There are 2 protein chains.
Amino acid sequence: MPEEQRPRRRQARGERRVAQLLEAAAGVFCKVGYTAATTNAIAREAGVSPGTLYQFFPNKEAIAIELGGILNQRMREGHGELFTPENASLPLREMLEVIVDPMIEFNCQNPAFLALVHDSDVPGTVVMEHDVLHSSLLERVEHLLGLRAPALSAAERGRVAAMAFGLFKAGLALVLAHEGTERDAYVGEVKAALYGYLAPYVGTGAVAMTEAGPAPAATA
Amino acid sequence: MPEEQRPRRRQARGERRVAQLLEAAAGVFCKVGYTAATTNAIAREAGVSPGTLYQFFPNKEAIAIELGGILNQRMREGHGELFTPENASLPLREMLEVIVDPMIEFNCQNPAFLALVHDSDVPGTVVMEHDVLHSSLLERVEHLLGLRAPALSAAERGRVAAMAFGLFKAGLALVLAHEGTERDAYVGEVKAALYGYLAPYVGTGAVAMTEAGPAPAATA
DNA sequence: AAGAAACGCGAGTGATCGCTCGTGTTCGCC
DNA sequence: GGCGAACACGAGCGATCACTCGCGTTTCTT
């Protein structure tokens with residue numbers, strides 16, 4: 001008996017509720033974090049009863065997972081794929097400009113993103129599946145790093161990617177904690193930090209993508 | 001009516017219990033984080049009843065605050081003051097070596113440190129008083145930065161200190177998440193990141209402490 | 001020795017959380 | 001119009017948490 005799950009066809013009203021609930025969940029998550037967020041608060045924020053919430057989500061974690069997937073997808077749709085070979089071949093300064101700015105902007109408009117990946121660091125909270133955000137982003141960073149600096153060993157590449165990503169998350173938290181010109185200044189610090197860290201590994205100039213070795217060139 | 005608090009003199013047995021409880025709290029905090037830690041679990045870990053715990057601490061947060069103070073003090077005792085003018089005048093590479101290594105080592109032996117400062121980032125958890133760790137460390141970084149690069153404006157100094165500290169915390173999390181040679185490798189990445197980020201601000205060489213301007217010198 | 005105060009216990013309290021369930025309403029389809 | 005399924009509600013269940021309380025034990029003081 002494979003415990004077959006019937007597809008449970010959804011009406012238009014249901015789709016709207018799901019979107020409403022995810023929106024509310026995003027708000028609550030980035031206000032109090034994932035662990036401290038209560039399903040009742042999410043339901044209240046969405047203007048529905050707790051029972052209604054559980055008509056669309058089996059449990060609290062599923063909300064975070066679904067929201068993570070939505071955010072992940074929304075990020076790609078909004079800015080296109082950022083970790084492309086074209087961007088990887090840019091001079092480092094420009095590459096960071098092209099990648100970091102959209103990432104930061106997206107996170108300013110969707111602060112729930114940081115709330116989710118932040119709690120994913122704490123043990124005992126969410127499990128593997130929720131780490132779609134963390135791991136898929138890390139994977140893309142690692143891939144771009146492989147394009148840009150193919151000489152790096154796999155182990156070293158993994159470490160540099162993890163460190164660069166952690167650095168970005170730390171900077172992102174600072175960026176989101178400030179506003180206006182102060183926020184802009186912190187964006188500059190994030191770029192400066194990434195530049196200073198990555199330059200020795202990937203070079204500062206443009207790189208050729210056809211051959212295996214990095215080839216430092218033009219821009220400072 | 002100033003609601004006078006009687007001093008509640010403590011016996012030797014009590015002092016031992018407090019130390020026991022703080023030790024247990026450190027273990028629980030770095031296993032599950034502050035928010036997810038339960039006072040009953042701390043009491044159980046310490047081998048006492050919940051009631052006994054509350055004989056020495058008014059509430060859960062007080063445990064974190066007290067533990068933070070202890071860790072703060074223990075760090076200074078264990079390695080002496082690291083953010084000294086002498087260290088500040090060292091060539092950047094050596095300065096990082098001298099400061100980062102003891103900090104990392106201390107955190108490896110007291111992983112509760114990271115658990116506390118990590119949760120302090122999440123809203124709705126602990127309040128100001130607990131941030132002794134975060135703010136006092138940040139203050140020291142900022143002070144050293146003032147010694148090293150007096151040309152920086154106060155605002156810029158604050159941002160660089162915050163970014164450098166955040167960078168360190170992110171790296172520390174990676175260091176603590178690994179073991180053996182992998183851990184050592186991540187320590188290297190932390191230093192590399194700090195070096196790359198700070199070099200443009202503070203120069204790579206030794207600096208004179210008598211005059212106001214930084215003076216790049218010897219070592220590479 | 002004897003009283004006071006610190007220590008110690010653990011069942012229990014009130015609040016809150018994730019989640020369920022019985023009941024009623026709305027929608028899609030014939 | 002009518003029927004089944006999706007939707008919606010909200011009181012409430014069981015579990016858990018921070019914290020208390022009454023009472024017994026150990027230690028200090030005189």
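The values are calculated or read from the model by the stated rules, or taken from the named source; none is laboratory data. Treat the numbers as computed from the prediction; the structure is a model and nothing was measured. Cβ sites come from the backbone with ideal geometry, for glycine too, and all protein chains shown count toward neighbours. Surface areas here come from the heavy atoms of the whole protein model, side chains and all, with no ligands, DNA or RNA. Shrake-Rupley method; radii C 1.70, N 1.55, O 1.52, S 1.80 Å.
Here are the numbers:
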item	result
The listed residue being open to solvent by less than 50 Å² (accessible area, probe 1.4 Å) and within 16 Å of DNA strand C (Cβ to nearest atom), out of B:ILE104, B:ILE99, B:ILE42	B:ILE42
All positions within the stretch B:152-176 that are among the aliphatic types (A, V, I, L, M), touching a residue at least 12 places away in the same chain (Cβ under 8 Å) and under 20 Å from B:GLY196 (Cβ atoms)	B:LEU152, B:VAL160, B:ALA161, B:ALA162, B:MET163, B:ALA164, B:LEU167, B:LEU172, B:ALA173, B:LEU174, B:VAL175
Of all residues making up the stretch B:80-92, the number that are in contact with a helix residue (DSSP H, G or I) (Cβ under 7 Å, 6 or more places away or on another chain) and crowded, with 16+ Cβ neighbours inside 10 Å	6
Meets criteria (of a type outside the set (Phe, Trp, Tyr), without any contact (Cβ under 8 Å) to a residue 12 or more places away in the chain, open to solvent by 80 Å² or more (accessible area, probe 1.4 Å) and within 10 Å of DNA strand D (Cβ to nearest atom)) for B:GLN73	no
So B:LEU22, is it assigned to a helix (DSSP H, G or I), crowded, with 19+ Cβ neighbours inside 10 Å, within 13 Å of DNA strand D (Cβ to nearest atom) and outside the structural domain of B:LEU133 (by TED's automatic domain parsing)	no
Pairs where the first residue, in the stretch A:1-20, is within 15 Å of DNA strand C (Cβ to nearest atom) and the second is assigned to a loop (DSSP other than H, G, I, E, B) and modelled with pLDDT of 85 or more, C-beta under 7 Å, 6+ apart	A:ARG17/A:VAL48
Some residue of the stretch A:91-113 being of a type in the set (Lys, Arg) and in contact (Cβ under 8 Å) with a residue 40 or more places away in the chain	yes
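Rundown of residues vs (1) within 8 Å of another protein chain (Cβ to nearest Cβ); (2) modelled with pLDDT of 95 or more; (3) crowded, with 18+ Cβ neighbours inside 10 Å, yes/no style:
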site: A:CYS108; (1), (2), (3): no, yes, no
site: A:LEU114; (1), (2), (3): no, no, yes
site: A:VAL122; (1), (2), (3): yes, no, yes
site: A:SER153; (1), (2), (3): no, yes, no
site: A:MET163; (1), (2), (3): yes, yes, yes
site: A:LYS169; (1), (2), (3): yes, yes, yes
site: A:GLU189; (1), (2), (3): yes, yes, yes
site: A:LEU198; (1), (2), (3): yes, yes, yes
